[in-house]
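**Student:** The structure that follows is given in the form of structure tokens.
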Amino acid sequence: MLKLLNSNRHSNNSIVEMQHIYKTFNKGSVNEVVLFTDFNLNISQGEFVSVVGSNGSGKTTMLNILCGTTEIDSGKIFLKGQDIGKMKEYQRAASIGRVFQNPAIGTCPSLTILENMSLADNKGSTFGLTPGINKRRIDFFRSQLELLKLGLEDKIDLLVGSLSGGQRQALALLISTMTPIELLILDEHTAALDPRSSETVMELTERIVREKKLTTLMVTHNLRYAVQYGDRLIMMHKGNSVIDVAGEDKNNYAVSDLLKIFNEISVECGN
């Protein structure tokens with residue numbers, strides 16, 4: 001029998017607080033699924049949290065609840081002490097950057113790299129009948145692209161749709177962190193990439209997170225990435241945590257340890 005935990009490592013500098021979250025899907029129907037029952041999660045300032053878990057464990061739903069795309073039945077959600085539970089998704093997006101699994105979601109393929117970055121640069125600003133591109137910012141955009149070390153600073157007028165999946169995901173990561181944010185959410189952002197591109201994007205992720213001191217919540221299907229990256233590791237199962245370790249305790253985990261627990265979960269679920 002797996003021991004269930006609540007991810008409530010509380011600290012006085014918590015950026016994210018999910019308190020007593022209840023969520024049921026298809027309530028009152030034959031397909032009713034109770035996913036979260038009194039779920040709690042606290043993430044500290046600057047913490048990089050890696051989350052793994054089987055399908056249906058609640059990983060993506062947790063991200064959707066934080067971003068506002070999925071409503072909860074009850075509970076409280078705080079971001080840097082502010083109750084965001086009633087905020088719309090677009091309002092939360094001012095403080096939350098998100099990189100999705102599909103490289104096509106985080107960027108606009110019919111616009112150039114320059115145009116995509118200009119839109120990101122104006123995040124949270126009002127738009128009027130003025131030029132969308134501030135030419136005085138082009139040098140800044142190029143300097144940001146240089147951080148990717150992919151040569152995109154010399155292709156600033158290229159349509160984003162012509163880039164490779166890895167290049168687009170790297171650009172999406174950069175775009176999501178161009179303006180100040182309180183939380184970066186990585187939603188299996190390497191899952192659709194080939195192995196080489198995945199390694200490149202993860203190395204870039206580590207660099208950007210550390211250099212910008214970003215509080216980060218990363219859901220990944222890759223157990224090695226969960227072990228290798230981040231300060232804290234959470235494994236979810238049926239809307240609960242079966243592992244929640246940080247610091248030296250996390251460093252002591254190996255991929256084989258996670259696989260063993262995954263196998264226990266599979267046996268318990270009859271798979």
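The values are calculated or read from the model by the stated rules, or taken from the named source; none is laboratory data. Predicted model only: the values in this text are computed from it and were never measured. Cβ atoms come from the backbone with ideal geometry, glycine included; neighbour counts cover every protein chain shown. Accessible surface areas use protein heavy atoms only, side chains included; no ligands, DNA or RNA. Shrake-Rupley method; radii C 1.70, N 1.55, O 1.52, S 1.80 Å.
**Student:** What is the sum of charges, Lys and Arg at +1 and Asp and Glu at -1, for the other residues whose Cβ falls under 15 Å from the Cβ of Val227?
**Tutor:** On the way: positive: Arg224, Arg232, Lys250, Lys260; negative: Glu199, Glu206, Asp231, Asp244, Glu248, Asp249, Asp257.
Charge balance in the 15 Å sphere: -3.
**Student:** Let me ask something else. Just to be sure I follow the rule: in segment 184-271, considering lysines 8 or more places apart or on different chains, how many pairs have Cα atoms under 26 Å apart?
**Tutor:** Working: Lys212/Lys250; Lys213/Lys250; Lys238/Lys250; Lys238/Lys260; Lys250/Lys260.
Total qualifying Lys-Lys pairs in segment 184-271 comes to 5.
**Student:** Rounded to the nearest 10 Å², what accessible area does Thr61 show when all protein chains are kept and the probe is 1.4 Å?
**Tutor:** 30
**Student:** Quote the relative contact order of segment 197-271 in percent (integer), defining contacts as alpha-carbon pairs under 8 Å separated by 6+ residues.
**Tutor:** Working: 41 pairs, mean separation 14.9, N = 75.
It comes to 20 percent, rounded to a whole number.
**Student:** Right, next: Considering only DSSP beta bridges with both partners in the chain, what is the antiparallel share in %, to the nearest 5?
**Tutor:** Working: 23 of 41 bridges.
The answer is about 55 percent antiparallel.
**Student:** Also, I was wondering about something else. Please work out whether segment 178-236 counts as rounded, prolate or oblate from its C-alpha gyration tensor, where a ≥ b ≥ c are the square roots of the eigenvalues and a/c under 1.5 means rounded, while otherwise a/b larger than b/c means prolate and anything else oblate?
**Tutor:** Cα axes put segment 178-236 in the oblate bin.
**Student:** How do Tyr225, Tyr253, Tyr22 rank by accessible surface area computed with a 1.4 Å probe, from largest to smallest?
**Tutor:** Descending order: Tyr22, Tyr253, Tyr225.
**Student:** Under a 1.4 angstrom probe, counting protein chains only, how are Lys123, Lys135 ranked by accessible area, largest first?
**Tutor:** Lys135, Lys123
**Student:** For a quick check of understanding: with a 1.4 angstrom probe and all protein chains in place, what accessible area in square angstrom does Ser164 have, to the nearest ten?
**Tutor:** About 60 Å², rounded to the nearest 10.
**Student:** Something else about it: Can you give me the relative contact order of the chain as a percent, contacts being Cα pairs under 8 Å and 6 or more apart?
**Tutor:** Relative contact order for the chain comes out at 27 percent.
**Student:** Is it possible to state the helix-based mean residue ellipticity at 222 nm for the chain, with each DSSP H run of 4+ residues giving -39500 (n - 2.57), the sum divided by total residues, to the nearest 500 deg cm²/dmol? What is it?
**Tutor:** -9000 deg cm²/dmol
**Student:** Then there is this: Please give the solvent-accessible surface of His221 in Å², to the nearest 10, using a probe radius of 1.4 Å with every protein chain present.
**Tutor:** 110
**Student:** Probe radius 1.4 Å, ligands and nucleic acids left out: which of Ser197, Ser143 has the largest accessible area, and how do the rest follow?
**Tutor:** Order by accessible area, largest first: Ser143, Ser197.
**Student:** Can you list, bin by bin at 10 Å, the percent of alpha carbon pairs in segment 36-149, starting at 0?
**Tutor:** 10, 33, 32, 20, 5, 0
**Student:** On to the next question. Long-range amide H contacts for Thr70: which residues qualify at under 5 Å (H placed 1.01 Å from N, peptide plane, sequence gap of 5 or more or a different chain)?
**Tutor:** Amide H to amide H, under 5 Å and 5 or more residues apart or across chains, Thr70 pairs with Ile65.
**Student:** Quantify, in whole percent, the carbon and sulfur part of the accessible surface of segment 200-269 (1.4 Å probe; protein heavy atoms only). Before the final figure, lay out the partial values.
**Tutor:** Details: 1520 of 3060 Å².
Carbon and sulfur atoms account for 50 percent of the accessible area of segment 200-269.
**Student:** Kirkwood Rh over alpha-carbon pairs of the chain, then Stokes-Einstein at 10 °C and 1.306 mPa s: what D in µm² s⁻¹, rounded to an integer?
**Tutor:** Working: Rh = 19.6 Å.
The calculation lands on 81 µm²/s.
**Student:** Now a separate question. Classify segment 46-87: rounded, prolate or oblate, from the alpha-carbon gyration tensor (a ≥ b ≥ c, eigenvalue square roots; a/c under 1.5 rounded; otherwise prolate if a/b is larger than b/c)? Could the numbers behind the result be given before it?
**Tutor:** On the way: a/c = 2.67, a/b = 1.29, b/c = 2.06.
Cα axes put segment 46-87 in the oblate bin.
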